[in-house]
Amino acid sequence: MAFMAVALAIVLMPVAAYAIDSATVSSAAAALQEATAMAALDAAQQLNTRDFRADGTFGVDETAARQAARDLLAKDAPAAYLAAMTVSGADVTVATGEVIRLPFNFFPEAVVRLNARASARLARGYDMPSSRLPLPVSNF
């Protein structure tokens, strides 16, 4: 009985702490990656209307994209921060980070720094009707 009590404290408790810390980190990393991908998609949808109307240049408005990414991160992952964002024409790359406190401090560090990166591209939308669509039918 005494051996089981000692074995439980020495072997099983650290294993449980490791499992909980690992699950916390992997869950937070998945959530951060999802929020980063959604922020990149939202940022890539910010068309630079001034340039598009002036000369037809198809690109992303960097200021609006940065604000859209920050807004989405604040909503979906409040603890995350926008580490970097690059806009090149119609391409947007968003890099985020988050600091996670571990519940049991099983790892040598009490906090873990997570990073995520995602890219998205502004795509042209509907140009003209497809020839495969049925023609309008009149009921008269």
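For segment 38-116, which trypsin sites (Lys or Arg not before Pro) are both in a DSSP coil and crowded by at most 11 other Cβ atoms within 10 Å?
none
Can you compute the helix-only [θ] at 222 nm over the chain? Use -39500 (n - 2.57) per DSSP H run of at least 4 residues, normalise by all residues, nearest 500 deg cm²/dmol.
-14000 deg cm²/dmol
Helix 62-76 versus the longest principal axis of the chain: what angle, 0 to 90°, nearest 10, using Cα atoms?
The answer is roughly 40 degrees.
Positive end of the charge dipole of the chain (Lys, Arg +1 and Asp, Glu -1 on Cβ, about the Cα centre): tell me which of F104, A40, N115 has its Cα farthest that way.
It is A40.
Give the Cα extents of the chain along the principal axes, in whole Å, largest first.
Dimensions of the chain along the principal axes of its Cα atoms: 90, 42, 19 Å.
Considering the dipole of the chain built from charges on the beta carbon (Lys and Arg +1, Asp and Glu -1) around the Cα centre, which of S22, A79, A65 is farthest to its positive end?
Towards the positive end, the residue furthest out is A65.
Nearest 10 degrees is fine. How inclined is helix 13-44 to the longest principal axis of the chain, computing both from alpha carbons?
10 degrees
Compute the signed sum of charges (Lys and Arg +1, Asp and Glu -1) over the other residues within less than 10 Å, Cβ to Cβ, of N48.
-1
May I ask you to sort I10, I100, I20 by Cβ crowding, counting other Cβ atoms within 10 Å and putting the fewest first?
Least crowded to most crowded, the residues run I10, I20, I100.
Between segment 57-89 and segment 22-41, how far is it from one alpha carbon centroid to the other, in angstrom?
Result: 16 Å between the Cα centres.
Values in this text are rule-based calculations from the coordinates and carry no lab data. Being a predicted model, the structure only gives us computed values, none of them experimental. For neighbour counting, all protein chains shown are included, and Cβ atoms are generated from backbone atoms with ideal geometry for every residue, glycine included.
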